[in-house]
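Quick note: the coordinates plus some simple rules give every number you see, no bench work behind them. Small disclaimer: the values here were computed from a predicted structure and weren't measured. So basically every Cβ, Gly included, is an ideal-geometry build from the backbone, and we count neighbours across all protein chains shown.
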Amino acid sequence: MLQVLIGRISHRAAGVIAAALLFFAGTATQAAEPIKIGFGMAQTGPLAANGKSALLAMQIWAEDANAKGGLLGRPVKLIYYDDQSNPSTVPGLYTKLLDVDKVDLVVGGYATNMLAPAMPVVIQHNVTFIGLFGLAVNSQFNYSRYFSMAPSGPDPKLAFSKEFFTVAMAQNPKPKTVAIVAADAEFSRNAADGARDNAKAAGLKIVYDKTYPPSTTDFTPVVRAIQATNPDLVFVGSYPLDSVGMINAANEVGLKTKMFGGGMVGLQSTATKTKMGPLLNGIVNYDFWEPVPNMQFPGVLDVLKKYQAKAAGEGVDALGYYIAPWAYADLQVLGQAVEATKSLDQGKLAAYMHANTFKTVLGDIKFGKSGEWEDGRVILVQFHDIKGNDLEQFRTMGTQTVLAPAEYKSGNIVYPYRQ
């Protein structure tokens, strides 16, 4: 009887001990401090369409990372604030993230105009910083811990418009004149600087070269002034609302030119494509990714499938082609650097990112000395055969042709623009 009682007590004790071990193991797992990644991202204002799309892709990366155990055995937590598409909000947001929220890592929000005002803050804190779609953001700062998630290559100002002028000069007869117009803002000025240099290198005469205030809403006078110079080419550096306004004005005025577009942000957005519809036909513009065979890198279609399944419920860009893979790859790079170095040390992360090639859903990425990509990959796309405003016509390449570079080319240009 005594042996039975001792056996029962021992059995119960073993159960209690096992339960306690499970409890403490679970508590330890739950208690693992998350690795906090902070950023500002446009959720309102004119950049919100792309900002919301980027945020969803980043959340998908966090879900995927956590499903695999997080980073360094710790869960990942994204901490973000709406920058309202307003550069003046950005320094305060990053100061809060670093000084109040005490995030472990920071990445940039979306677009040049939002990244540039973050730079002084991140430089002051000496942290590693990846900028999403920034054009030549580091050209003046020369910050050794900045990295660009944009395929502009080692000379981003030139690369952004290089293919526009390369394709133009391959036409017969060759164009002789160009008009360059841009918003008086960080991104657009950088784009115009590169376009100006490329135009001069091509031997083109610049017959119009002006900026307009970012607050401009009526572009008809601008287009009329451009038309008065009778340019063969019109290169535009603009943000989303400006791009729509410029296209509407060009159609109202009946702009006569052989190539029109170049550096217009917003035309890559599905919402803008469906809104503008046939008004886009003939426009030649930059892009960063399209579903042509040679750009279907391992994993990119899987990410887009997850993204598109969530897009309708989140009220974001239905296709996500423009920014979703890049926002995902942005955090892929950061995550791979953390795992490889087994560290959150900012210096170690930056050194590793300079020295190594990253496997991402956008293929292999290698950063050069300035933090820009070692090899550029800006593509040039032309719209054509758009009928009505149906979304499905933009899902495949039936209404868009990749003109350059050669390794991604899917067809030839319709030239001139009005044809």
- Task: Taking just the C-alpha trace of region 133-207, give me its Rg and Dmax in Å.
- Result: 13.7, 46
- Points 7 angstrom from Cα along the Cβ direction at D345 and N389: gap in nanometres? 5.6
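Rounded to two decimal places and with Rh computed the Kirkwood way over Cα pairs, what is Rg over Rh for region 41-114?
That ratio equals 1.00.
Once you've got the Cα coordinates, tell me which of K359/K409; K275/K305; K210/K366; K157/K210; K200/K366; K162/K305 are over 26 Å apart.
Details: K359/K409 23 Å; K275/K305 23 Å; K210/K366 35 Å; K157/K210 17 Å; K200/K366 30 Å; K162/K305 32 Å.
From K359/K409; K275/K305; K210/K366; K157/K210; K200/K366; K162/K305, over 26 Å: K210/K366; K200/K366; K162/K305.
When you have a sec, figure out the Kirkwood radius of region 337-419 from all distinct Cα pair distances and drop it here in Å to one decimal?
Details: mean 1/r = 0.0616 Å⁻¹.
Hydrodynamic radius (Kirkwood, Cα only) of region 337-419 equals 16.2 Å.
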- D for the chain, whole µm²/s, Stokes-Einstein with Kirkwood Rh over alpha-carbon pairs at 4 °C and 1.567 mPa s: what number? 57
- For each of Y239, Y143, count neighbouring Cβ atoms within 10 Å of the residue's Cβ, then give the residues from fewest to most. Y143, Y239
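About the Cα centre of the chain, how large is the charge dipole given +1 on each Lys and Arg Cβ and -1 on each Asp and Glu Cβ? Please answer in debye to the nearest 20.
Values: 37 positive and 35 negative charges, 67 e Å.
Around 320 debye, computed over the chain.
Could you tell me which of rounded, prolate or oblate describes region 255-294, using a ≥ b ≥ c as the square roots of the eigenvalues of the alpha-carbon gyration tensor, with rounded for a/c under 1.5 and, failing that, prolate when a/b is larger than b/c and oblate otherwise?
Working: a/c = 1.93, a/b = 1.31, b/c = 1.47.
It is oblate, given that a/c is not under 1.5 and a/b is not larger than b/c.
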- Listed highest first by mean packing, meaning other Cβ atoms within 10 Å per residue, what order do 145-153, 37-45 come in? 145-153, 37-45
- Query: Order of 104-117, 293-306 by packing, highest average Cβ count within 10 Å first?
  - Reply: 104-117, 293-306
- Task: Rounded to the nearest 10 degrees, what's the angle between the helix 240-253 long axis and the longest principal axis of the chain, both from Cα atoms, 0 to 90?
- Result: 20
- Note on the structure: In the neighbourhood of A42 defined by beta carbon distances under 12 Å, the net charge of the other residues (Lys, Arg +1; Asp, Glu -1) is -1
